[in-house]
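Structure record follows, encoded as structure tokens.
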Amino acid sequence: SFDLAAAFECCRIEWSNPALGHDADDMLRGWEIQTGVMAFSDAPRVRRLWQRAAAIYTRNFYNWEAHSSGEQGAVTQALAETDVRFMPLPPSFNARPYTMYSWVHAFGFAIVHTKDLWQPAEA
């Protein structure tokens, strides 16, 4: 079983450079947990996650406030530092045009998975 299920969102932007469309200095380019789309249990591990996220956010408050998504980056970082059993939800749980277009802009396509790509040309 999982302690936390959440969708991801792309892409956190820096308020000082919003035209870029993503956080170029971040390892994940601003791809992070969407804290508005999640389900979690009332388990000690999850409480530790929230405590750790609050500490990360508070310790570096001005950094997080300089970005568009505030606490979401701190929660994503806390997830990597705790033992929460995490289930990522598919993008359809946070399907917004901005999320999808931002992802393509920041990362491009690594793999195109479709059976319709190689159709014979009409004569």
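None of the figures in this text is laboratory data; all of them are computed from the coordinates on show. Predicted, not measured: the structure shown is a model, and the values here were computed from it. Positions of Cβ are backbone-derived with ideal geometry, glycine not excepted, and every protein chain shown enters the neighbour counts.
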With +1 on each Lys and Arg Cβ and -1 on each Asp and Glu Cβ, how big is the dipole of segment 32-79 about its Cα centre, in debye rounded to the nearest 20? 260 debye
Residue-by-residue Karplus 3J(HN,Hα) for segment 78-87, coefficients 6.51, -1.76, 1.60, Hz, glycine and proline x: 4, 4, 6, 9, 10, 9, 5, 7, 10, 10
The set of residues whose placed amide H lies less than 5 Å from the amide H of HIS67, leaving out same-chain residues fewer than 5 positions away, is TRP15
Give me the extension gain from ALA43 to SER1: residue separation times 0.36 nm, minus the current Cα-Cα distance, reported in nm with one decimal. 13.9 nm
Between GLN34 and residues 5 or more places away or on another chain, which pairs have amide H atoms under 5 Å apart, with H built 1.01 Å from N, and which residues are they? ALA7, PHE8, GLU9
Expected vector for segment 58-66, Karplus 3J(HN,Hα) from phi with 6.51, -1.76, 1.60 and θ = phi - 60°, integer Hz, x for Gly and Pro, equals 5, 4, 10, 3, 5, 5, 5, 6, 7
